[in-house]
Structure formats: structure tokens, C-alpha cells
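Okay, structure first, notes after.
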Amino acid sequence: MVEILDALSRCVAVMPAAEARRQLLPHRTVAILLQDADERFYLRRRTLGRFGGTKHWDVSARGQVWAGESVRDAASRVLEEGLGIRAERLRLATVLSPVQEHGNELLHVCLGTRPSGSGAAGALEDIEEGTFFSADEVHYLIREFRELVAPRFMLLVEATDLLKRPGRRS
């Protein structure tokens, strides 16, 4: 169950996530971008839609914020469910307003540090279809292979400065 939001992001109803998506009702989601010590971003390839097809590069993990759940708790849950890890220093980086063509999601973007310690550091390398990209590589991917990038990830990159190239942050 997810919270349906009004124009001020207040909860006005609660319903199943699938129904909220089907009706394109505004609801909260969370996207997590993991970074390593070299400030590279961990991206995963996933199939968009129910019917398979081309895989697209997307954030490290993404999911719904359940009714009554905090964004931080949702980010931790989604990361553990999606990648089987806990990030260090997970923090809210930005919030993107709902856009109907991207599912009308109020997207909370969190940044996390790649886990360290016994066994956890290598956990990401064991996951199929994921790798670390520098900011320059992400921008090249979007510029030259746009069709292989998930639309919501493209929106995130283009609407924020989270993936600015090193030395180019304003």
C-alpha cells in the first residue's frame, strides 16, 4: 500500500501500489545511487515493463515508499531487497516532483556509500548486470546510447547536478 499525494505532497488516500501506478496517481518512490571511494556510481541494467525486452541502465536500486514508512527506511529496505546490502551514510540528496510521463512519482533520490567490511565490499561485483561508472562515463552513455538508459534515470541526471563531472559542480 502506498500513500496518494495531493499537490502539497500530503497523504489523501492509501491504495495498492499497482493501482496507484495504473491510475498515474502521485505517490512516493525512492531511488538509491551508490558511490564508491572513487566517486563512481553503481548502475544496474534492468528490463523495463512486464514483457521483457531491452535492458536499460538505471539507478542502483529503486522502489515504493510504503504507507507510513519514512523515506530513509524505504531507501534502506529497497537497497537490502534489491542488492542484499546496507549502504553506509545513506542520505537524501534531492526530490524530483511528480511528472505524469514518468509515473507521477515524487522521487526521493538518496546517495549512499558502497559498503565496506568483510565480504560486503565485493557484494556488488557479484551482482549480474551492474557496474560502477564515473560521471563522465554516465554522461557519455546518455549522449551516445540514450536508448539504453532508463527514462527516469535520464530525468534524474538531466534535472539535478548529482552526476556532474568532477571539478564541474556549481
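Keeping to region 10-39, report how many residues are among the aliphatic types (A, V, I, L, M) and out of contact with any strand residue (DSSP E or B) (no Cβ under 7 Å at 6 or more places or on another chain).
Of the residues in region 10-39, 3 are among the aliphatic types (A, V, I, L, M) and out of contact with any strand residue (DSSP E or B) (no Cβ under 7 Å at 6 or more places or on another chain).
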> Any idea which residue in region 50-61 is modelled with the lowest pLDDT, counting only those that are out of contact with any Lys or Arg (no Cβ under 6 Å at 6 or more places or on another chain), open to solvent by 60 Å² or more (accessible area, probe 1.4 Å) and not β-branched (V, I, T)?
Replying inline: F51
>> Six or more apart or on different chains, Cβ atoms under 7 Å: show the pairs whose first residue is in region 149-170 and farther than 16 Å from R44 by Cα and whose second is at pLDDT 80 or above and open to solvent by 60 Å² or more (accessible area, probe 1.4 Å).
In response: R165/D136; P166/E39
> Does region 8-30 contain at least one residue that is open to solvent by less than 60 Å² (accessible area, probe 1.4 Å), more than 11 Å from the chain's Cα centre (by Cα) and among the β-branched types (V, I, T)?
Replying inline: no
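The values are calculated or read from the model by the stated rules, or taken from the named source; none is laboratory data. Since this is a predicted model, take the numbers as computed values, not measurements. Cβ coordinates were reconstructed from backbone atoms using ideal geometry, including for glycine residues, and neighbour counts include every protein chain displayed. Just so you know, the surface numbers come from the protein's heavy atoms only, side chains and all, with ligands and any DNA or RNA stripped out. Shrake-Rupley method; radii C 1.70, N 1.55, O 1.52, S 1.80 Å.
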